[in-house]
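**Student:** This is the structure, below, for whatever I ask next.
The values are calculated or read from the model by the stated rules, or taken from the named source; none is laboratory data. What you are looking at is a predicted structure, and each value in this text was computed from that prediction instead of being measured. Ideal geometry is used to build each Cβ from the backbone, glycine not excepted, and the neighbour counts take in all protein chains shown. Heads up: the accessible areas ignore ligands, DNA and RNA and are worked out on the full protein's heavy atoms, side chains in. Shrake-Rupley method; radii C 1.70, N 1.55, O 1.52, S 1.80 Å.
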Amino acid sequence: MTSPRRNVVALRHVAFEDLGLLAPMLRGRGWDITLLDVPSADLTDAGIVAGIEQADLLVVLGGPIGVGDADAYPFLTPEPRLIERRLTQDRPLLGICLGSQLMASAL
């Protein structure tokens, strides 16, 4: 019997950041990967939010910006709320670089 496929949603803030070495490792273990480009995604859209909340794993990637740069990068504003909801639901979450800053902000 095969185990059900799991999915990871990775929130990407800049085009050159990705899952790096994690991608082949996850794919090799049967994970489906969705990269969501945060600057062009509407993180208030119910469908997008549902996909993030239902993911087996959420990875919040990095970028050459900081959590305090929301004035210059308004797409950072809704992210801490999504992260906070995921954390309060005790759902798996990995923050890398900027992602860990956003997690800290959410907490």
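**Student:** Quick check on my filter: what residues within the stretch 1-52 are farther than 15 Å from residue 95 by Cα and acidic (Asp, Glu)?
**Tutor:** Selection gives 32, 37, 42, 45.
**Student:** Select, from 8, 14, 49, the only residue that is modelled with pLDDT of 95 or more and on the phi < 0 side of the Ramachandran plot.
**Tutor:** Only one candidate passes the filter, namely 8.
**Student:** Separate question: Report yes if residue 23 is assigned to a helix (DSSP H, G or I), open to solvent by less than 70 Å² (accessible area, probe 1.4 Å) and without any contact (Cβ under 8 Å) to a residue 24 or more places away in the chain, otherwise no.
**Tutor:** Yes.
**Student:** Just need a number here: residues in the stretch 20-63 that are more than 10 Å from the chain's Cα centre (by Cα) and more than 19 Å from residue 76 (Cα to Cα).
**Tutor:** 16
**Student:** Can you name the residue in the stretch 66-107 that is in contact (Cβ under 8 Å) with a residue 12 or more places away in the chain, closer than 23 Å to residue 33 by Cβ and in a loop (DSSP other than H, G, I, E, B) and is also least open to solvent (accessible area, probe 1.4 Å) among such residues?
**Tutor:** 78
**Student:** Sort out which residues of the stretch 26-40 are surrounded by 11 or more Cβ atoms within 10 Å (Cβ to Cβ) and under 20 Å from residue 83 (Cα atoms), and write them in order of number. Outline the logic, then answer.
**Tutor:** Pass one, the stretch 26-40, residues surrounded by 11 or more Cβ atoms within 10 Å (Cβ to Cβ): 26-27, 30-39.
Once the filter is applied, which keeps residues that are surrounded by 11 or more Cβ atoms within 10 Å (Cβ to Cβ) and under 20 Å from residue 83 (Cα atoms), the stretch 26-40 yields 33, 34, 35, 36, 37, 38, 39.
**Student:** Suppose the filter is touching a helix residue (DSSP H, G or I) at 6+ places or on another chain (Cβ under 8 Å), part of a strand (DSSP E or B) and touching a residue at least 40 places away in the same chain (Cβ under 8 Å); does residue 58 pass it?
**Tutor:** So residue 58 fits the description; yes.
**Student:** Evaluate the stretch 27-36: report whether one residue or more is small (Gly, Ala, Ser) and more than 20 Å from residue 103 (Cα to Cα). Give the derivation first.
**Tutor:** Taking the stretch 27-36 as the starting set, the residues that turn out to be small (Gly, Ala, Ser) are 28, 30.
Still in the running and more than 20 Å from residue 103 (Cα to Cα): 28, 30.
Yes: one or more hits.
**Student:** Looking only at the stretch 27-48, how many residues end up being assigned to a helix (DSSP H, G or I), out of contact with any His (no Cβ under 8 Å at 6 or more places or on another chain), within 23 Å of residue 16 (Cα to Cα) and not hydroxyl-bearing (Ser, Thr, Tyr)? Break it down stepwise before answering.
**Tutor:** Applying the first criterion (assigned to a helix (DSSP H, G or I)) to the stretch 27-48 yields 27-28, 38-40, 46-48.
Narrowing further to those that are out of contact with any His (no Cβ under 8 Å at 6 or more places or on another chain): 27-28, 40, 46-48.
Keeping just the survivors that are within 23 Å of residue 16 (Cα to Cα) gives 27-28, 40, 48.
From the residues that got through so far, the ones that are not hydroxyl-bearing (Ser, Thr, Tyr) too are 27-28, 48.
Summing the residues that are assigned to a helix (DSSP H, G or I), out of contact with any His (no Cβ under 8 Å at 6 or more places or on another chain), within 23 Å of residue 16 (Cα to Cα) and not hydroxyl-bearing (Ser, Thr, Tyr) in the stretch 27-48 gives 3.
**Student:** Within the bounds of the stretch 68-82, is there any residue that is under 15 Å from the mean Cα position of the chain (by Cα), modelled with pLDDT of 95 or more and closer than 29 Å to residue 4 by Cα?
**Tutor:** Step one: of the stretch 68-82, the residues under 15 Å from the mean Cα position of the chain (by Cα) are 75-82.
This time we only want the ones that are modelled with pLDDT of 95 or more, so: none.
No: zero hits.
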